[in-house]
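Have a look at the structure below before the remarks.
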């Protein structure tokens with residue numbers, strides 16, 4: 001099994017509440033040395049492992065790693081909203097919008113309201129579509145790097 005497949009499997013199991021990665025890690029610690037346990041333990045301990053809800057979010061995290069940015073928090077609640085990705089030190093929120101949850105006018109209106117509330121709280125919100133993440137990764141990476149650099153300069157001032 002590849003690392004990408006392992007990442008997908010652990011994320012899917014956690015999303016379906018079949019496994020709690022923190023509890024799984026504890027159990028694996030007791031099994032250290034047994035076949036497969038060490039590899040899975042190493043995987044769960046990797047700094048880059050983050051729980052995500054979708055393949056789109058996993059693609060975005062690979063793009064973040066390729067850009068050399070620090071790993072964001074995933075699935076955290078901010079001002080009453082669950083956000084896809086959050087860099088606390090930068091005040092940056094990124095939402096990845098697939099068609100499943102962002103297709104209807106009502107869903108899009110909720111997205112705009114979330115963006116407005118987060119902006120009013122002093123955060124910067126970026127949204128990237130599935131198409132952008134999948135087919136325009138270089139442009140997404142460039143926007144992320146430029147915004148992150150601007151926010152880092154602002155935080156240092």
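Just checking, does region 94-101 include any residue being free of Cβ contacts under 8 Å to residues at least 40 places away in the same chain and more than 22 Å from residue 11 (Cα to Cα)?
No.
Residue by residue through region 117-127, note down the ones that are touching a strand residue (DSSP E or B) at 6+ places or on another chain (Cβ under 9 Å) and in a helix (DSSP H, G or I).
117, 118, 119
Among 126, 145, 118, 151, which is within 15 Å of the chain's Cα centre (by Cα) and modelled with pLDDT of 85 or more?
Working: 145 fails: within 15 Å of the chain's Cα centre (by Cα); 118 fails: within 15 Å of the chain's Cα centre (by Cα); 151 fails: within 15 Å of the chain's Cα centre (by Cα).
126 is the lone residue from the list that is within 15 Å of the chain's Cα centre (by Cα) and modelled with pLDDT of 85 or more.
Inside region 62-72, can you point out the residues that are at pLDDT 90 or above, within 10 Å of the chain's Cα centre (by Cα) and not in a loop (DSSP other than H, G, I, E, B)?
Within region 62-72, just 64 meets the criteria.
Within region 73-93, identify whether any single residue is within 23 Å of residue 136 (Cα to Cα) and either at pLDDT below 75 or part of a helix (DSSP H, G or I) (or both), and answer yes or no.
No, region 73-93 has no match at all.
Against the definition (touching a helix residue (DSSP H, G or I) at 6+ places or on another chain (Cβ under 6 Å) and touching a residue at least 40 places away in the same chain (Cβ under 8 Å)), how does residue 121 come out, yes or no?
So residue 121 does not fit the description; no.
The values are calculated or read from the model by the stated rules, or taken from the named source; none is laboratory data. Because the structure is predicted, anything quoted here is derived from the model rather than measured. Please note: Cβ atoms are built from the backbone with ideal geometry, for glycine as well, and neighbour counts cover all protein chains shown.
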